[in-house]
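Down below is the structure, laid out as structure tokens.
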Amino acid sequence: MEPSPVVSVVIPAYNMERYLHECLDSILLQTREDFEIICVDNASTDGTRAILDEYARRDNRLRVLSLSQNRKPGPARNMGLAEAAGKYVYFMDADDILSDANVFADIIALAERESLDQVIFSAENFIDGQMAQDTIKCMNCDYAPPSELCGRVMTGAALAYELLSTRHYSPCLWLRILRTSILREANLTFLADNIHDDSLFVPQSMLASKRACAISRICYQRRIHPSSTMTDPAKAAISYKANLDNLYSWLPYSAAKACDADSAPAISQFSTLFLRCLGNSFYRLDEATAKDAWKELDAAKPAENLLKAFFDIHRKEINQRRQIKKSLHELQQKHHKLLRKLGKMRRQRNARPNSIRACILFVIHRLLARAGLAHGKSQPSTRSGA
């Protein structure tokens, strides 16, 4: 009987044939080899499944599961988590790579030495393909935890509070390795059909972790490319709906945990974060979608009064932000119009001296011609007594 793997790597994959080889190779090259890879094909329509089957034939540590129809990553991750046999589980995206061959060796050694339920590490972004500078700037994050927190072992709730307080918290699932047993004891799963499924799962996993630690080691390379789910600017409405679902799910969960004195500060910070994310995604909606969202919130049930209260408080602020955005756009248009006008005036000003100079030269030339001095001609001397 083969020994159980120490790490289960769960990877949902949908139409990832372009990146899958690099992702899987970065795992298979790990110096610590007691791991399993569970790849869940999310009903891909390209060569993803063929690539996964080929890798599974070559290495029995890789298993391939399938969903019958394409959905968001949550159901695929739930399927992989249910099948995970490792002591620890790591959720990875199919278009990214591990930073080096010693990632598992270093992280698992730390987790075992300190009996950790969760290890948080750092990552780097790299750009793959042509993208707008605004998108690159938006996606380019600093994932490193603050130096004063690195190496300190504390509860997951305490670590979450410190990260949130210093604005170093990130909900990215691939920034952490988790003890599998704590997820199962807490019955944690991912929301289905939610583009931000990790935004709820990660806070819940941190509150479930009795011993957690953050380190500055870079373990992950995140690929930013035009086809990425998170770089699609057309998904504002989907993002808003996902954040709304996360908040609806968070409210009863946080209420049940609020009596825990150790968790209460982190819960308060997380609640604020969920509300802020919802407000920011609402701000990005177009006018028609925003009006529909208001109607839905106005019709909210009494149990959701907290959500209504938040939007009642922030309604004026959000409208002001919309008005500011509109005013800035108008000012920008006026600025461009002024620049065009100044450019036209500058061109006219630059052209005018040339015209005047040409006229002056022409008059001088005519006068010299009349005097017989044009083209180097000179008058004969008229001195008396010559």
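So is Leu285 modelled with pLDDT of 80 or more, at negative phi, part of a loop (DSSP other than H, G, I, E, B) and not assigned by TED's automatic domain parsing to the domain that holds Met206 or not?
yes
Checking Val89 against (1) of a type outside the set (Asp, Glu); (2) part of a strand (DSSP E or B); (3) out of contact with any Gly (no Cβ under 9 Å at 6 or more places or on another chain): exactly one of these is not met. Which one?
Unmet for Val89, out of (1) of a type outside the set (Asp, Glu); (2) part of a strand (DSSP E or B); (3) out of contact with any Gly (no Cβ under 9 Å at 6 or more places or on another chain): (3).
Would you tally the residues in segment 165-202 being of a type outside the set (Val, Ile, Thr) and over 17 Å from the mean Cα position of the chain (by Cα)?
14
Within segment 14-41, count every residue that is part of a loop (DSSP other than H, G, I, E, B), in contact with a Ser or Thr (Cβ under 8 Å, 6 or more places away or on another chain) and on the phi < 0 side of the Ramachandran plot.
From segment 14-41, those part of a loop (DSSP other than H, G, I, E, B) are 14-19, 29-34; that's our starting set.
With the extra rule that they be in contact with a Ser or Thr (Cβ under 8 Å, 6 or more places away or on another chain), the set shrinks to 14-17.
From what is left, the residues that are on the phi < 0 side of the Ramachandran plot are 14, 16-17.
So the answer is 3.
Of the residues Ala105, Ala76, Ala82, which is in a helix (DSSP H, G or I), without any contact (Cβ under 8 Å) to a residue 60 or more places away in the chain and in the same structural domain as Asn125 (by TED's automatic domain parsing)? Break it down into steps so the answer makes sense when it comes.
Values: Ala105 fails: without any contact (Cβ under 8 Å) to a residue 60 or more places away in the chain; Ala76 fails: without any contact (Cβ under 8 Å) to a residue 60 or more places away in the chain.
Residue meeting the stated conditions: Ala82.
Identify the single condition in (1) surrounded by fewer than 20 Cβ atoms within 10 Å (Cβ to Cβ); (2) in contact (Cβ under 8 Å) with a residue 24 or more places away in the chain; (3) in a loop (DSSP other than H, G, I, E, B) that Ser44 does not satisfy, given that it satisfies every other one.
For Ser44, the failing item is (1).
Given the options Ser263, Ser281, Ser268, name the one that is without any contact (Cβ under 8 Å) to a residue 24 or more places away in the chain and either within 26 Å of the chain's Cα centre (by Cα) or closer than 20 Å to Asn187 by Cβ (or both).
Ser268
Return a yes/no flag: does segment 185-207 have any residue that is surrounded by fewer than 18 Cβ atoms within 10 Å (Cβ to Cβ), assigned by TED's automatic domain parsing to the domain that holds Tyr161, part of a helix (DSSP H, G or I) and of a type outside the set (Phe, Trp, Tyr).
yes
Count, please, the residues in segment 9-33 that happen to be surrounded by fewer than 18 Cβ atoms within 10 Å (Cβ to Cβ) and in contact with a strand residue (DSSP E or B) (Cβ under 7 Å, 6 or more places away or on another chain).
1
Would you pick out the residues in segment 111-131 that are closer than 24 Å to Leu188 by Cα and surrounded by 16 or more Cβ atoms within 10 Å (Cβ to Cβ)?
Filtering segment 111-131 down to residues closer than 24 Å to Leu188 by Cα leaves 111-112, 114-122.
Passing the criteria: Ala111, Leu116, Asp117, Gln118, Val119, Ile120, Phe121, Ser122.
Tell me which residues, restricted to segment 245-260, are assigned to a helix (DSSP H, G or I), in contact (Cβ under 8 Å) with a residue 40 or more places away in the chain and not small (Gly, Ala, Ser). Write out each step before concluding.
At the first step, the residues of segment 245-260 found to be assigned to a helix (DSSP H, G or I) are 245-257.
This time we only want the ones that are in contact (Cβ under 8 Å) with a residue 40 or more places away in the chain, so: 245-251, 253, 257.
The answer is Asp245, Asn246, Leu247, Tyr248, Trp250, Leu251, Tyr253, Lys257.
The values are calculated or read from the model by the stated rules, or taken from the named source; none is laboratory data. A quick note: this is a predicted structure, and the numbers were derived from the prediction, not measured. We place every Cβ from the backbone using ideal geometry, glycine too, and count neighbours over all the protein chains shown.
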